[in-house]
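Values quoted throughout were computed directly from the atomic coordinates according to the rules given, and no laboratory measurement underlies them. Worth saying up front: this structure is predicted, and the values here are computed from it rather than measured. Neighbour counts are summed over all protein chains in view; Cβ atoms, including those assigned to glycine, are modelled from backbone coordinates with ideal geometry.
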Amino acid sequence: MSTLIQHINLSSASISTPPPILTTFPLLKPTNLRQSLFSFTHKLILSPPNKSLDEAYASVLDHCAAQKSLWHGKQIHAHIIKRHNVHDFMFLATKLVLLYGKCGSLLDAEELFDEMPERSIFAYNALLGAYVSHGETRRAIQFYADMRFLDVPVDAHTCSSVLKACAGERDTRCGREIHGYMIKLGFLCNDIAVNSLVSVYARCDDARAVKLLFDQRSGKGDVVLWNLMISTYGLIVFGEMLSAAVTPTTYTFVAALQACKELSSGVQIHAVVFKYGLCWDRYVANALVVMYSECSRIDEAERVFINIDDRDSVSWNSMLAAYVQNGLYDESLDLFREITRDGRTPDRVSVITALSACGRSGKLLSGMEVHTFALKNGLDLDLQVGSTITDMYAKCSKTRFMDSAFRRIPQKDFISWTTIISGYVQNNGHMKALDSLREVLNEGIYIDKMMIESVLIACRELKSISVAKEIHGYIVRRELSDIVVQNTIVDAYGECGEVDYARNIFELIEMKNVVSWTSMVDCYVRNGLANEALKISHRMVRQGVELDSIAVLSILSAVTSLSTLRKGKELHGFLVRRCLHLEKSIASSLVDMYGSCGAVDNAHKLFDCAKSRDLVLWTSLINGYGMHGQGKMAIKLFRKMEAENVHPDHITFLAILYACSHSALVDEGRRFFNTMSCQYGLEPWPQHYACLVDLLGRANHLQEALELVETMKMEPTAAVWCALLGACRIHSNMEVGEIAAIKLLEMDPKNPGNYVLISNMFAVAERWEDVEEVRMRMRLKGLKKDPGCSWVEIGDRLHTFITRDRSHPRSDEIYDKLTQITEKLERDAGYKAQTSYALHNVEVVEKVRMLHGHSERLALAYGLLTTPQRTPLRITKNLRVCGDCHAFTKLVSKHFEREIVVRDANRFHHFKDGYCSCRDFW
DNA sequence: GTAGGGTTAG
């Protein structure tokens, strides 16, 4: 032993008390460091010094490098320096550079490299490799550039190292440059260098270049090259590889499993894994867990996971993620706790995954538990952990915790900002979301599609057309558009009332999906263009778009607002075939649709079939009966609902108050209005006041109605004054009417309907000067009266008529028919046009001509012209039906023996045998 | 005589 000590002064003490890293590597493998030092001493004793000593140094340095033992490496380094063996120094120095690189001590490696009097290409490659393996990719690329500048004879090893750096940086420019250089120097016959090149192209998604290099391969090709091909082109290549009799490795299976899209191929790959005896490989097993999880086979994923003997953090985290992806949040949290019991500490990925489970399932307490764990382990300052904590609190609606979690993130990136912005949007903080966007823009932070999406939703909710346009401009300038963003823009413009903008964007979407179509249908429905909505939904069906339940709901609301029973029934049939009609929201929408299409009996049948009746369903049916003037039935249902312990909300009370109003049930209406606050603690909204005012007013309790308005707890809205004004018009009460008119024009001066209502009030009283003044004001403001418009469904088509319409192809026949009808009614029923309803100061003949041209009459005439006798007719009008037309239709129902259902802007009128269900109260 | 390429979790 003394020889050894003399030679290298490596005290036995320093070998017997190695740094802690060695104690964790007990004498398991023959190649461990102690063993090699032991054989080193033997060599020193047995062989003569000089050359063989250098070999021994080299061997020890190899072992130090393999064990990554910087401490021992430095000891050996000190000895080499002592020996001053300049002759062999370059060779050993290269080994030392390599060792320092492996041990992560780049400074030592660089210092030694700089001290070397001469440097071989090995030395250059050693330092280059050190840069690459420590993620110093930019430095590596720069170092390579320096080498080229100094005319260092670069070899294939140099190329593969620097190409690895290029792949990390996704630097195709540099990659292509090296590619050219490799062609020039004939390195393309070196498999390893070629593979490095392929991996650059694969990382940069240049599949064509990958294919080109693969086709230029020699022989059946290197297995690594095949693996790269699998990750680029997927499973087809995997099959080809097996046919080409290339032996797969663990890398092959990981790539194949990653490329696997469906269970059947996954199972086949699993079988091949068994065949090659690689099922015990941890990498393969981990990839299997992920594959089974993605194919929703959580049982198989668990089975693979349980059989992994040497689970690493990736195994645990893959299983954790498998539970979360498959919605098994409790299981994932249990597993998170189990990690600790396994003697491990959950790492940042475990924490992120567990937090996302808590967020998705809204488990605030578990979320706080994981948050605490992150705090204790110093993980909370990690960027991604911080963002996930923020997101978890956002999803649990704890906005204050969300705010403070966000503030704690030291260096926020665009993802953390996206998280907080979408957090605000999820929790109705739309203004705060827009404020945050301003901060992002000021700080010059990168903006991605996800962030844009949240911001667009904020615009939509705030109905801020100016911000929406600004964001849209930004998206176009930055080319941030994708299908999701485009759909959201359509939605935002639709909600802001910009139908033309929405349509333009919609038409520009190249690959429209069901969401794009639904957004456009929604846009039309929201903006009162239900006809357009139906047209576009037909286009959607013709193009073979698969409808989902949300699309169906949108189309249903178009059908509902148009009252086309036929379309409604078609949709209903479609839903039954898809078993979608039982879904709660769809069931209520169907009840609503039948009610609004004049088939309240069908609505009731559906209601009876419903398995469970929630408040929305009850409200839909009550509303249906209300619209049809069956107030008593609506009240009966309301009582039944109360008896079944379903508690009404504001909307239910609106429905029941409207029902009372349409059936002139004054006492009942008053009573419901009181119960609402007294019994159910619901403060009435302005809409409830408007409803009661309408009821009282039309029943000629105008004074009571006015008092109600004056005692309202909030400022009366335009709708309230409008209801009062309508009643004043019916009862020709000019004093109250004028008060209401002034208020109404103050509050809502841009609505043409208000001017028409006021002018009609004066017309009934024949105050033509006032009529003229109101119409003049309207013209000065550039407002136009909405034209009257009615439509009737004949066969599978809607026929639309506006006032004095002549555009219908059978227009002449329609007017002839109308004249015939009128003559018959004048002759047989003594019908005489009530010219007071023609609210213009013109001659009587002209007034009769005007009444003749009302849209509902044209629709009625067309219906009688084109349908067989006794066929019921369903007509819908955008405004309220005119009084003379109402009388006319009653007579038609008797003298032409037709049931006629008219839905106007307010309610339904069922005409039969000369009577109307509204009992002339509307 | 020294070294270099391709895998897993969010």
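Candidates A:SER589, A:ALA109, A:SER161 compared by Cα position along the dipole of chain A: farthest toward the positive end lies A:SER589, with charges placed on Cβ.
Rounded to the nearest 20, the size of the Cβ-charge dipole of the stretch A:311-409 about its Cα centre is 300 debye, with Lys and Arg at +1 and Asp and Glu at -1. Largest first, the extents of the alpha carbon coordinates of the stretch A:685-785 on the three principal axes equal 35, 25, 17 Å.
As a calculated quantity, the FRET efficiency between A:VAL541 and A:ASN504 at R0 = 25 Å, using C-beta atoms, amounts to about 0.65. Spin-label pair A:ASP330-A:ARG919: with each label point 7 Å from Cα along the Cα-Cβ axis, the two points sit 5.7 nm from one another. Measuring max minus min along each principal axis, the C-alpha atoms of the stretch A:376-513 give extents of 54, 30, 25 Å (largest first). Measure nothing fancy, just the Cα-based angle from helix A:530-542's long axis to the longest principal axis of chain A, in degrees from 0 to 90, nearest 10. Approximately 50 degrees, to the nearest 10.
What does the net charge come to around A:VAL267 if you take all other residues with beta carbon closer than 11 Å to its beta carbon, with K and R at +1 and D and E at -1? Overall, the nearby charge balance is -1. Most tightly packed first, judged by the mean number of other beta-carbon atoms within 10 Å of their residues, the peptides A:776-786, A:226-236, A:368-378 read A:226-236, A:368-378, A:776-786. The slack in the chain from A:LYS636 to A:GLU118, taken as 0.36 nm per residue of separation less the alpha-carbon distance, amounts to 176.2 nm.
Which value in deg cm²/dmol, rounded to the nearest 500, describes the helix-derived mean residue ellipticity at 222 nm for chain A, given -39,500 (n - 2.57) per DSSP H run of n ≥ 4 and division by the residue count?
Details: 52 runs with 637 residues, N = 922.
Only helices count here, giving -21500 deg cm²/dmol.
Structure note, pairs A:LYS632/A:LYS832; A:LYS449/A:LYS611; A:LYS261/A:LYS449; A:LYS449/A:LYS569; A:LYS584/A:LYS640; A:LYS398/A:LYS463: Cα-Cα distances above 31 angstrom occur for A:LYS632/A:LYS832; A:LYS449/A:LYS611; A:LYS449/A:LYS569.
Given their separation in residues at 0.36 nm each and the Cα-Cα distance between them, A:GLU644 and A:ARG282 gain 124.4 nm when the chain is fully extended. Highest mean first, the peptides A:485-491, A:569-575, A:338-344 sorted by other C-beta atoms within 10 Å per residue fall in the order A:485-491, A:569-575, A:338-344. Where the alpha-carbon atoms of the stretch A:516-668 are placed on the principal axes, they occupy 53, 30, 24 Å, in descending order. Each part reduced to its alpha carbon centroid, the stretch A:807-863 and the stretch A:103-137 end up 99 Å apart.
Write down Rg/Rh for chain A, rounded to two decimals, with Rg from the C-alpha atoms and Rh from the Kirkwood relation over Cα pairs.
Working: Rg = 40.7 Å, Rh = 35.4 Å.
Result: Rg/Rh = 1.15.
Annotation: peptides A:416-426, A:739-749, A:872-882, ranked by per-residue average of other Cβ atoms within 10 Å with the highest first, follow the order A:416-426, A:872-882, A:739-749. R0 = 25 Å: FRET efficiency of A:ILE81 with A:HIS134, Cβ-based, nearest 0.05? So the FRET efficiency works out to roughly 0.50. Distance between the 7 Å Cα→Cβ label points at A:ARG170 and A:GLU897: 7.8 nm.
Rounded to the nearest 0.05, what FRET efficiency do A:ALA765 and A:GLU583 give with R0 = 51 Å and r taken as the Cβ-Cβ distance? Could you check?
Working: r = 53 Å, r/R0 = 1.03.
Approximately 0.45, to the nearest 0.05.
Give the separation of the Cα centroids, the stretch A:712-730 to the stretch A:332-348, in Å. So the two Cα centres are separated by 64 Å.
Principal-axis analysis of the Cα atoms of chain A puts helix A:483-495 at an angle of about 30° to the longest axis. Ordering A:LEU621, A:VAL314, A:LEU757 by the projection of their Cα atoms onto the charge dipole of chain A, which places +1 on the Cβ of Lys and Arg and -1 on the Cβ of Asp and Glu, puts A:LEU621 at the extreme positive end.
In a simple Cβ point-charge model (Lys, Arg +1; Asp, Glu -1; nothing else charged), chain A has a dipole of about 1140 debye relative to its Cα centre. Using 19 Å as the cut-off for backbone N distance, which residues of the stretch A:744-764 belong to the label zone defined by a point 7 Å from the Cα of A:MET712 along Cα→Cβ? It comes to A:744-755, A:757-758, nothing else.
Here the spin labels are modelled as points 7 Å beyond Cα on the Cα-Cβ line, and at A:ASP816 and A:LYS469 they lie 5.2 nm apart.
The angle between the Cα long axis of helix A:565-577 and the main principal axis of chain A comes to about 30°, on a 0 to 90 degree scale. One chain, two ends: A:ARG303 and A:ALA66. Fully extended at 0.36 nm per residue, the span grows by 81.8 nm beyond their Cα-Cα distance. Mean 1/r over all different Cα pairs, inverted: what Kirkwood radius does the stretch A:229-309 give, in Å? 12.5 Å is the Kirkwood radius here.
About the Cα centre, and with charges only on the beta carbon of Lys, Arg (+1) and Asp, Glu (-1), how big is the dipole of the stretch A:565-637? Nearest 20 debye, please. Walk me through the numbers before you get to the answer.
Details: 11 positive and 6 negative charges, 28 e Å.
It works out to roughly 140 debye.
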